[in-house]
Each structure stands twice: as C-alpha cells, then as structure tokens.
Amino acid sequence: MPAIPLPAIHASHAGCWLRSGAGITRPAGKGEAVMAAADTPLLLLNAPLVATRLGYPDLSGLDLLELFAFIHPARFVVPTPKGLAHVLDLPEPAGDEDVPELLQQAAEALLAICGDPAWPEREGAWSALQNLTRLRWPWAPLVTARLAAPARAERWLFARLPEWQEAPERPQPAQVALDPAAVSARLAQLTGEGAEPRPAQVAYAGEAAQAFAPRAREGMPQLLLAQAGTGIGKTLGYLAPASLWAEQSGGTVWVSTYTKALQRQLRRESRRAWASTRADGSQPVVVRKGRENYLCLLNLEDALQGGFAGRAAVLAQLVARWAAYSQDGDMIGGDLPGWLGTLFRQRGIKALTDQRGECVYAGCPHYRKCFIERASRASAQADLVIANHALVMVNAARGRDAAQRPTRIVFDEGHHVFEAADSTFAAALTGAEAIELRRWVIGPERGSKGRRRGLSARLADVASYDEAGSKAIAAARYAAEALPGDGWLQRLAENAPSGPLEELLGAVRATVYARDESGGQDAGYGLETEAAQLDGAFVERAGAAQAALAELRVPLIRLGVRLEAILADPPDWLDGAGRARIEGARHSLAWRIDLLAAWEALLERLGGPADPEFVDWLAVERSEAREFDVGLHRRWLDPMKPFARTVLEPAHGVMITSATLTNGGDWDTAVDRSGARALGLAPRQSSFDSPFDYAQQAEVLIVTDVAKGDISALAGAYGRLIEASGGGVLGLFTAIRRLRAVHGRIADRLARSGLPLYAQHVDPIDTGTLVDIFRDDPRASLLGTDALRDGVDVPGHSLRLVVMEQVPWPKPSILHRARRLAHGGSDYDDQIIRARLAQAFGRLIRSRDDHGHFVVLSAAFPSRLLSAFPAGTPIRRVTLDEALQRVAGGVSGAPVQSESPA
Ligand code: SF4
C-alpha cells in the first residue's frame, strides 16, 4: 500500500503514468488519463504543465506544488519530481514510471509536517486553512485532518510583520582617497584564506578604487570603463574598494545589475564584506527593486476580503502565507516561487503589486509595515544597495528624496546600460498608458472592482480644506474624461472611437495598417510605421489630442502648487502621517505632469520637421495577431545623452564594467555608449583578459550544411545535437515561431530517450524556474529566446553546449534603421551581433573547469564577426556530422585548421 491511498498521475513528453490508490503504477493513454483526472482528484505535480502534456487545458487535481507553497512558504524548490524529492529528502525517481509513487510519498511527507512541533512555518497556517476551506481548496480536507487548532490565537499576517523605524538622515559622505595597499588587503580578506592569488583581480580592484576618488569639478564624476573577461572575479574586485569606501566615508555605494542572476550572486558575495545586520539592527546591504516588484499589502488585503474570487482567492491566501515569511516582499525574482503565479494561470501576482502608482502612502493602514517603504528606508541607511539599471535611472530622474539619489554607482553588466537608458528615457503615448492615467485621476468607474481610488478620494482632506485645490481636482477629473476609457481597443477595432485621444489612436491604427509592408500582418507580429508624411486630418487629430492633454496638465500643476503651499504653511490638522501622504501625492503628481508634457511634445512635432535628437513612430502592438496596444512612440536617438544629464552629472563616481564593453570593437564605441561625450568627460579605460584557457575549454563550430529556412532540417539538427551531447544544451532562437516548430518536432522523441526538453514560450513555466530546472538536471535541455542569452548562469556540467539557430541579426525596426543610419550602417549591425554572440558564448564557460561547444547552425556566418569570441577560441566550419562527432566525443580545442578571431 502507498503511503497515502490517493491515485497519482504523471505525464511527460515520453508518455503518461497512472498509479492507483492501492499502489499499482501503469502506463496510460492521454484519453484515459484525462478521464481518470475528471473522475477523481489525482495527485499531480504542476497541473498546468501536466495539462499541456495531456493536451487538456482544464485539468485540475491535488497539486503538490500548492501544498508545498502552503507548508513551506518562501522556501525554494525546483518544481520537478527530482527537485521535490531532494527538498523532502525522498529517493529520487529513476524514471518517469517512478514519479507517481514519489508523488504519493511527497504528499505524505508534506502532510506529516503539519503534526511536527518543530515546523518553522506553523504560525498562521491554521487561520489560512480556515479561509482555504471556505474557498474549497482541494487540499483543505486532507490538511484539516492533520493540523490541530492552535492553543492560543495565532498572529495573522498583518500582526506578524515588523514595522520599519524612522532613522535620522545620514550626513554626506566624507571625502576619502583609498590606499591601494588597503584595497588589496580588503580583497584578500574577501576572497578568503587559501584562495589562489589572482593578479588580474588585484589590478582590477585597484582600478575600481579610482572610481571612488573625490571628484575635481562639479558635474564631472570620476568615470571608469573597465572591461573584464569572464573569470576575473569582478564582483569581489569592485566590492573590495566599495566596502572600504563605504566604511571610511560613511556613504552608500549602489551596484546596479541587469539580470536577477547577478543580483542573487551579489547578495551572496556581499556577505563576505558585511554582516547581515548591524549592532542597531539595521541592514548594511539592501536589495532594491522597482516598486512594481513588491507585494502591496493593501492590494493583498483587498484580495483576501473578496477582491479576488475562485482560484485567484486561493492564490491570495497562499501569497499571504508567503508574505508572513518573506525576506523582503519581492514577488518577482525574490523568495516568492516563480512557479506559484503560473499554477493559477492568470495575472493574479501582478494585481497584488503596486503597478499603477496608486499607493496612498501614510493614508494606508499598512504603511508602517509596507515592504516598499521598508526597502526604501533601509537603502537610505545602507552601505551597499544592490539595484538594477532601470531603478537607478528612475531614481536619479525622479527619486522622491534627493538624499536617496545614488552618487557612487557601479554598473555591472554595463553592456546593458544603453538599452536600459533607451527604455527609461522613452515616451509612449499609447492607449494602455493613457487609460492608466485616466484611472489614476478618476478612480473606479462603472463595473470596476478593487480598491482603486481616484485623485479626489486620495486627497479628500485637501479638497475640503483648500478651495483652489478642490477646484483643481474637479478640473483634472473633468479633463481626464478625454483620455481613453474601458473598451477603447474594441471601439478602435469597430471604428467608433470616443473622445480626442481615442480618435487619435484610431488614426494611428488606420495609418499603420495602411502603410505596413513588413509582412508582419500575416505573421501576427506587431506593426509600425514612421511618424512622417502624416496627412492633414491626422495632424488635426494630434492637435486636438495635444490640447486635451494640456487641459489635464494645467489643473494638475495648479494642484501641485496648492500642495506645496499646504506643506509650506501647514494647517493644524496636518499631522506627520498627513504630511507624508501629501508629499507622496506631490511626488506622483510631478511625474504625471512630466509624462503629460512628454506626450504633448511628441504630438507637437507631428505636423512639423522631425527633431534630429529623437526617433518617432506609430505602432500597433500585437501578440499572435491579437492587438493589445496602439500608440505613438518616441526614443532618443542617443539615450546616453539623458543618461549623462540625469545619472552621470549629479554623481561623484561611476564605474561601468562588463566582459563585453567593446564588443570586439574598439574603445570609441564603449566611450560612445557610456554617456561620457555628452559631458565632455574622458573616462579612464582599463581592460583585463579572462584567465580561462579558451583554446582548451571551448570550441566554436559553424555548421555549413543545414539549409536556411528548412524547419525539418533545423529541428533534426537540434535533436541530433541534443542526443550527441546527452542533454545540457541551451538552444537560442531569434524567432518564437521557429522555436515552437523545432520543439514540437523533437520533444517527444528526446523524452523517450530520457532527455527532457523545456522551452520558453511553450511550457507554462516562468523563465527563472525554467533555468532552475535546467540547472538542476544535467540531462535536460532548454530552448529560448533573447532573455536566455544573458540571464542564464549555469556553471558546470548542466550547460555544455550552446546552439544558435542563426546569426542573431537585429530586428529591422524603424528605431534600428535610424540608429544604423546615424552610426555607420553595417558596422553598427556588426557591433550588435558581436555583442549578442559574445553574451551567448559567455553562458558556456563560467569557471576554469567548464568545457563546451558553441554551435551556430548557419553557413552564412561572416568571418568578420568571429572577433566576438574570446581570443584563442578554436573556430571551425564543419558539416553537421562532423559537429556531432566533436560534440559526442567532447572534443574541443585541438588546433586543426581553425580560424582565429581577428
Ligand atoms: S503603503 Fe502603498 S504600497 Fe505600501 S501597502 Fe500601503 S498602499 Fe500598498
């Protein structure tokens, strides 16, 4: 008899297995499995994934991942049978047919924890279970049978969370010059006793220290560009001078990354330099993200009290369990399992974060426990703030508090600063953006649910006290009616727009469809056209929309002035909390006024000559032929100009570092892409070669006989390469359509050989979890697109072959064409491709012991791009058969007829 007498099901690409409550496992057809699941709730792991494998989307059952999220909230598990076995200390299943038995054992093991007095996450479980029972959560009866009511009332989430404390502002940092010997000594201390000395790392740390020297002139920061090949030990290299500077000056260093993987690594490595808490309980190291990453407790409370229904309400209960044990409330890439949201097949997680800037600050009952407020206060006191490029830029541009703006910044993964600046300083007047603004001003309209509140509800006390303020709020509310409302997309499709903004968007849509020649219409992709040669009727609509936006901006400015006046001469009723709330409102008002001004500027120029600083275009965003947004877009031709003014100019010391700053090109490009020229700065430049022996560790194979455009041949090549290497393959695609076609052709066959294949855009699993699964199973392979080219840090045997389907040409968009024209045509393309190749190659060799192949399935690989690969890497043009032999034999590095990088 099994540990728990419940039937279980497991389905993979290789087949499907059912196990009865009496403990007998047998293979089953998909139809039979679906029938069995419909008859009685089955134990299963990751219902959406099993549903995809069975081709039956409505499948549900007793999902062990949901039970795990209840029993061990905020605990990491790889959501696979093997991952579950490891975390529960159960024997790993040898094959697919052993999985149903494991599911029964895991269910028993998890349920048994309810009776364990040492269960660390017990508090709050019983209360949550009562709610889950009301919601008919399938696990509720089984858990109820094992979980006793607590003797004393337990603290529920909102009582359990600690309050943050106000702290005095830190004085400005002391001016210090770091002693080179002290920097080396600090580095030695961080790398630890017995670590082999790395002269390049010592030199790198010495260079990094230069970024912390006092600046000589206002507006001219110390700027260092440091290229450091993989394996130099960059993070400890800059953390050594950063920690020393923070200690000696009393200031804060911001380290900014692009990927979550590096943030996690930094969090780990910073522990060598700083304790987790100081003597006064404050944190010397804080991870900061954009507010849209964190749980908003007010949104959660609303969801728990009826804002969410059905399965979404179950999700809210499980999120509440997590929130009580979370380290920092970070829902995206923090300790909330990435798979939890996808189990519920909806956007519930997003609705629980503070997406729309509706925060009411001190007006919120949870303000003193709010995760976002806590992180923001903690970072003002921290020695080290770990953030991402977008947040650093947003904070520099419109940080609430000048004292919190970063002045010493290390941009790691510096090759991504350009694209982060590109999106941060962009303007987009689209239906989706405009309706958000309408909701922010007006609040709930017919039929909308939730706790959303408009401007007048948020500032009710100001309105009743200050007549001019009240009038400004009423005028803004009236003017916001001109913005798109619910159902705007439908009205556009029916050619029945309402109001000046919808009329403009209708004209945008019609113009885009009329002009598009990209071929994207049939393929279902997004469409775009230049904002040029627009006819008189279009320009007239743009004028009317511009006037409507100005009508809204003016009362918002007036309201801002009134709020300033109230803060300057506070009435009696204005207590500390009220003041904080008005300051919050003033801040969010300011950035909406800027947003409106940017939209008006975009419309202003439509009838006249183009502004050479910007690239403007019209677009219809689509996904699989379904439209989801329509609007006008503006980007800086060179986004490093606003970056220089907003981030560099106020800073004292900035370091931009990466393994690929020069993209196999020259330093001129790296300087161009640092923003230095806009300030007339001559940055310090330094370069450190990777210590890896690429000639022995890696090999690039350019396969010459897979015909372009032949999907069967492409799929065949992928399948055979994965078999030859026995898994451990990262397959990179430039088009989702081809990725799906390849996956569909080979996944079943590979699974039958014990080689699981996962894929972005196919499996209902978030990208972070896919990488966790891939890392955990050396026989697994993973197919994906752009996000995987740079976000995968899988050292060792789990990643031993990278396969690119073709040369990663840039997408020929309007924006790309404009920049290409401005930067020397095909040289500009080459830079982009070299950068992408270098990033992809960088996934392969992460440590001295790594070995692997990098395969490009494209005969048309230009030799001039070979400089993307590290010097010394052997490169061969071979047939697929030869490539298979080399991969299967693990042969790399023999210097026979190889082409060398330039
Ligand atoms: S303070 Fe703002 S973000 Fe925090 S819980 Fe309240 S409403 Fe949400």
Q. Restricting to the stretch 604-619, what's the tally of residues that are surrounded by 15 or more Cβ atoms within 10 Å (Cβ to Cβ) and closer than 26 Å to TYR525 by Cβ?
A. 7
Q) Cβ-Cβ below 7 Å, separation at least six or inter-chain, first residue in the stretch 816-827 and charged (D, E, K, R), second part of a helix (DSSP H, G or I) and at pLDDT below 95: which pairs? A) ARG819/TYR828; ARG820/TYR828; ARG820/ASP829
Q.
With the requirement that a residue be part of a loop (DSSP other than H, G, I, E, B), on the phi < 0 side of the Ramachandran plot, surrounded by fewer than 20 Cβ atoms within 10 Å (Cβ to Cβ) and more than 8 Å from the ligand (Cβ to nearest atom), what does the stretch 353-389 give you?
A. GLN355, ARG356
Q) How many of the residues making up the stretch 800-815 are charged (D, E, K, R) and without any contact (Cβ under 8 Å) to a residue 60 or more places away in the chain? A) 1
**Q.** Hits in the stretch 609-625 (condition: free of Cβ contacts under 8 Å to residues at least 60 places away in the same chain and over 17 Å from LEU429 (Cβ atoms))
**A.** PRO609, PRO612, GLU613
**Q.** Number of positions in the stretch 22-40 that are assigned to a loop (DSSP other than H, G, I, E, B) and either of a type in the set (Ser, Thr, Tyr) or buried (at least 16 other Cβ atoms within 10 Å of the Cβ) (or both)
**A.** 2
Q. Only one residue in ASP383, ASP354, ASP335 is farther than 22 Å from HIS652 by Cα and modelled with pLDDT of 85 or more. Which one?
A. ASP335
Q: Please find, within the stretch 264-286, the residue that is farthest from ALA323 (Cα to Cα) out of those that are β-branched (Val, Ile, Thr) and touching a Ser or Thr at 6+ places or on another chain (Cβ under 9 Å).
A: VAL285
Q. How many residues, within the stretch 523-551, are over 27 Å from LYS811 (Cβ atoms) and either in contact with a Phe, Trp or Tyr (Cβ under 9 Å, 6 or more places away or on another chain) or acidic (Asp, Glu) (or both)?
A. 6
Q. In the stretch 804-813, is there at least one residue being under 23 Å from the mean Cα position of the chain (by Cα) and exposed (fewer than 15 other Cβ atoms within 10 Å of the Cβ)?
A. yes
Q: Among the residues of the stretch 292-304, count how many are within 21 Å of the chain's Cα centre (by Cα) and either more than 11 Å from the ligand (Cβ to nearest atom) or in a loop (DSSP other than H, G, I, E, B) (or both).
A: 2
**Q.** Pick from the stretch 305-337, criterion of a type in the set (A, V, I, L, M, F, W, C) and in contact (Cβ under 8 Å) with a residue 60 or more places away in the chain, ranking: farthest from the ligand (Cβ to nearest atom)
**A.** VAL314
Q. So, of the residues in the stretch 338-347 that are open to solvent by 20 Å² or more (accessible area, probe 1.4 Å) and not in a loop (DSSP other than H, G, I, E, B), which turns out to be nearest to the ligand (Cβ to nearest atom)?
A. GLY338
**Q.** Tally of residues being part of a loop (DSSP other than H, G, I, E, B) and buried (at least 20 other Cβ atoms within 10 Å of the Cβ) across the stretch 620-651
**A.** 3
Q: Go through (1) surrounded by 23 or more Cβ atoms within 10 Å (Cβ to Cβ); (2) in a helix (DSSP H, G or I); (3) more than 10 Å from the ligand (Cβ to nearest atom) and name the single condition LYS350 misses.
A: (1)
Q | Selection count where residues are open to solvent by 40 Å² or more (accessible area, probe 1.4 Å), within 14 Å of ALA246 (Cβ to Cβ) and among the hydrophobic types (A, V, I, L, M, F, W, C), scope the stretch 173-192 | A | 1
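Out of all the residues in the stretch 660-707, which are among the basic types (Lys, Arg) and on the phi > 0 side of the Ramachandran plot?
Residues satisfying the conditions do not exist here.
For the stretch 414-511, list the helices (runs of 4 or more DSSP H) that sit wholly inside it and hold at least 3 residues that are out of contact with any strand residue (DSSP E or B) (no Cβ under 9 Å at 6 or more places or on another chain), of a type in the set (D, E, K, R) and farther than 30 Å from ASP569 by Cα; which are they?
431-442
What do you reckon, is ARG515 surrounded by fewer than 19 Cβ atoms within 10 Å (Cβ to Cβ), modelled with pLDDT of 90 or more, in contact with a Leu (Cβ under 9 Å, 6 or more places away or on another chain) and under 23 Å from GLY608 (Cβ atoms)?
Working: surrounded by fewer than 19 Cβ atoms within 10 Å (Cβ to Cβ): yes; modelled with pLDDT of 90 or more: yes; in contact with a Leu (Cβ under 9 Å, 6 or more places away or on another chain): yes; under 23 Å from GLY608 (Cβ atoms): yes.
The answer is yes for ARG515.
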**Q.** Near pairs, Cβ below 8 angstrom, 6+ apart or cross-chain, from the stretch 552-573 (acidic (Asp, Glu)) to any residue that is assigned to a helix (DSSP H, G or I)
**A.** GLU564/ARG586
Q. Is at least one residue of the stretch 829-839 in contact (Cβ under 8 Å) with a residue 12 or more places away in the chain, of a type in the set (Lys, Arg) and either crowded, with 17+ Cβ neighbours inside 10 Å or assigned to a helix (DSSP H, G or I) (or both)?
A. yes
Q) Any chance the stretch 150-172 includes a residue that's of a type in the set (S, T, N, Q), closer than 29 Å to PRO795 by Cα and open to solvent by 50 Å² or more (accessible area, probe 1.4 Å)? A) no
Q. Can you tell me which residue in the stretch 733-750 is modelled with the lowest pLDDT, limited to those that are surrounded by fewer than 17 Cβ atoms within 10 Å (Cβ to Cβ) and aliphatic (A, V, I, L, M)?
A. ALA735
Q: With the checklist (1) more than 16 Å from the ligand (Cβ to nearest atom); (2) surrounded by fewer than 20 Cβ atoms within 10 Å (Cβ to Cβ) in hand, flag the one item GLY414 doesn't pass.
A: (2)
Q. Of all the residues that make up the stretch 212-230, how many are in contact with an Asp or Glu (Cβ under 7 Å, 6 or more places away or on another chain) and closer than 19 Å to ALA644 by Cα?
A. 3
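The values are calculated or read from the model by the stated rules, or taken from the named source; none is laboratory data. Because the structure is a prediction, the values reported are computed rather than measured. All Cβ positions, glycine included, derive from the backbone under ideal geometry; neighbour counts span all protein chains shown. In case anyone asks, the SASA skips ligands and DNA or RNA and just uses the protein heavy atoms, side chains included. Shrake-Rupley method; radii C 1.70, N 1.55, O 1.52, S 1.80 Å.
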